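*Asks:* Take this structure, written in structure tokens, and hold onto it; I'll ask about it next.
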Amino acid sequence: MLKSLFNWKVLLNLLVAIGIFVGLVWLTFRWLEYHTNHGQEIPVPNVVNKSVHDAVKILEDAGLDYEVDSAAYNPKYRPLQVLKVYPSPGSRVKDGRAIQLMVNPKSWAPVAVPDVINKYSGLAFQRLEQVGLKVSDTIYEPSIQKDAVLRILFKGNSIKPGTKIPRFSVIDVVVGSGPMRNIAIPNVVGLTVKEAKALIARNLFEVGLVDHEDGGNDDSDIVYYQDPASGDARDQGMQIDLWASKKTPAELRGKIEILNSTYRMRVDTTLPPVRYDEVPNFQDPPPINDPVPAPAPQKKEAPKTETPKANGTSTKPATTGDKPKSGASTTTPATEKPKAKKVII
């Protein structure tokens, strides 16, 4: 058994098998080197601070691919300037390796304009500043919506809510200053409904009721009546009602007279003017303060004196200090003669 293993034929076959195995391994590595460009590396060129167009051309000439990514806008650097390269410049990479370029964008990232139309201007300004927009000028325009935002202007053009513009852009805001007073109403009789609506809008009024005689809705009908009448003074935003028909105003004279009796108040100037007399304003006289009477001086009573009794009788002489009886005149003399009394012995 051992002799058969050391036979030269067996050894020869073993050596042939080992040679074939080694050859296959060598061919495999050669094939991998060829397809993976083993040993062929390219240094990454330094394209930092160059424009993205110049950096791309340099990478393509070196046989390298590239991927461009934008960072947050930095006003310290030029727009489209390469800020960073990965792998770093000087590194050796294989042919066809993608190099990542971090580029400064042209401007700030765009933001959507918030919907602040018809909103109070104070709250609207806060909302605009929150998204990163700067309000430059506030333009006041006559409108019935006082202190409300009417339009937003960007570079002189009106933009709608939701429009994307660069962040930190400067915008102008149109705010209502309140309605104009005493504007003359234009004459739209004889115009088409379409023309009348345009003229009313240009004069800062609103279109109210539009009554078509045939019950239709044709803007080519001719306006034969309007209320309020032309020449009247009204405030901005007031509604103007229209009556339109395909007939001429001459053919609608009867309807016009009916409308005049309803919407035109006639003032009879033949009556004398009403005279209003002023009613005097009577006021109560001020109260009169009567003087408080001074207290009457009190009379001192004189001391009583007794007279000797005569014939067993005694009489009390009248004194001047006695008070007069009620009903007696105050002009009586101070002393009166005493009456004699009968004495029975």
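*Asks:* Starting from residues that are outside any strand (DSSP E or B) and under 30 Å from W108 (Cα atoms), keep the ones in the range 163-186 and report whichever is most open to solvent (accessible area, probe 1.4 Å).
*Replies:* The first filter runs over the range 163-186 and keeps only residues outside any strand (DSSP E or B), leaving 163, 167-169, 177, 179-182, 185-186.
Next, from what is left, pick out any that are under 30 Å from W108 (Cα atoms): 163, 167-169.
Numbers: T163: 52, R167: 103, F168: 79, S169: 14 Å².
Applying the filter and picking the extreme gives R167.
*Asks:* Answer yes or no: is there a residue in the range 26-38 that is touching a Leu at 6+ places or on another chain (Cβ under 8 Å), on the phi > 0 side of the Ramachandran plot and at pLDDT below 80.
*Replies:* no
*Asks:* Would you tally the residues in the range 147-162 being loosely packed, with under 14 Cβ neighbours inside 10 Å and outside any strand (DSSP E or B)?
*Replies:* At the first step, the residues of the range 147-162 found to be loosely packed, with under 14 Cβ neighbours inside 10 Å are 155-158, 160-162.
From what is left, the residues that are outside any strand (DSSP E or B) are 155-156, 160-162.
Here the count works out to 5.
*Asks:* If I ask for residues that are loosely packed, with under 15 Cβ neighbours inside 10 Å and more than 30 Å from Q236 (Cβ to Cβ), which ones from the range 103-131 would you list?
*Replies:* The answer is K106, S107, A109, P110, A112, E129, Q130, V131.
*Asks:* Next question, about the same structure. Could you look through the range 132-145, keep only residues that are at pLDDT below 90 and open to solvent by 40 Å² or more (accessible area, probe 1.4 Å), and pick out the one that is farthest from I183 (Cα to Cα)?
*Replies:* The selected residue is Q145.
*Asks:* Write out, first by first residue and then by second, each pair whose Cβ atoms fall under 6 Å of each other, whose residues are 6+ apart or on separate chains, and whose first residue, in the range 99-122, is assigned by the TED database to the domain that holds S158 and among the acidic types (D, E) while the second is part of a loop (DSSP other than H, G, I, E, B) and surrounded by 15 or more Cβ atoms within 10 Å (Cβ to Cβ).
*Replies:* Matching pairs, first to second residue: none at all.
*Asks:* Can you name the condition, by its number, that D235 falls short on among (1) closer than 30 Å to P114 by Cα; (2) open to solvent by less than 60 Å² (accessible area, probe 1.4 Å)?
*Replies:* The single condition D235 does not satisfy is (1).
*Asks:* A196 - would you say it is under 30 Å from P249 (Cβ atoms), open to solvent by 40 Å² or more (accessible area, probe 1.4 Å), touching a residue at least 40 places away in the same chain (Cβ under 8 Å) and not polar (S, T, N, Q)? Even if it seems obvious, please write down each step before you answer.
*Replies:* On the way: under 30 Å from P249 (Cβ atoms): yes; open to solvent by 40 Å² or more (accessible area, probe 1.4 Å): no; touching a residue at least 40 places away in the same chain (Cβ under 8 Å): yes; not polar (S, T, N, Q): yes.
When the stated conditions are applied, A196 does not pass them.
*Asks:* For G63, which of the numbered conditions (1) open to solvent by 40 Å² or more (accessible area, probe 1.4 Å); (2) small (G, A, S); (3) over 41 Å from the mean Cα position of the chain (by Cα) fails to hold?
*Replies:* (1)
The values are calculated or read from the model by the stated rules, or taken from the named source; none is laboratory data. Please read these numbers as outputs of a predicted model, since none were measured by experiment. Here the Cβ is made from the backbone with ideal geometry for all residues, glycine too, and neighbour counts use every protein chain on show. Each accessible area value is taken on the protein alone, full model and side chains, heavy atoms only, with ligands, DNA and RNA left out. Shrake-Rupley method; radii C 1.70, N 1.55, O 1.52, S 1.80 Å.
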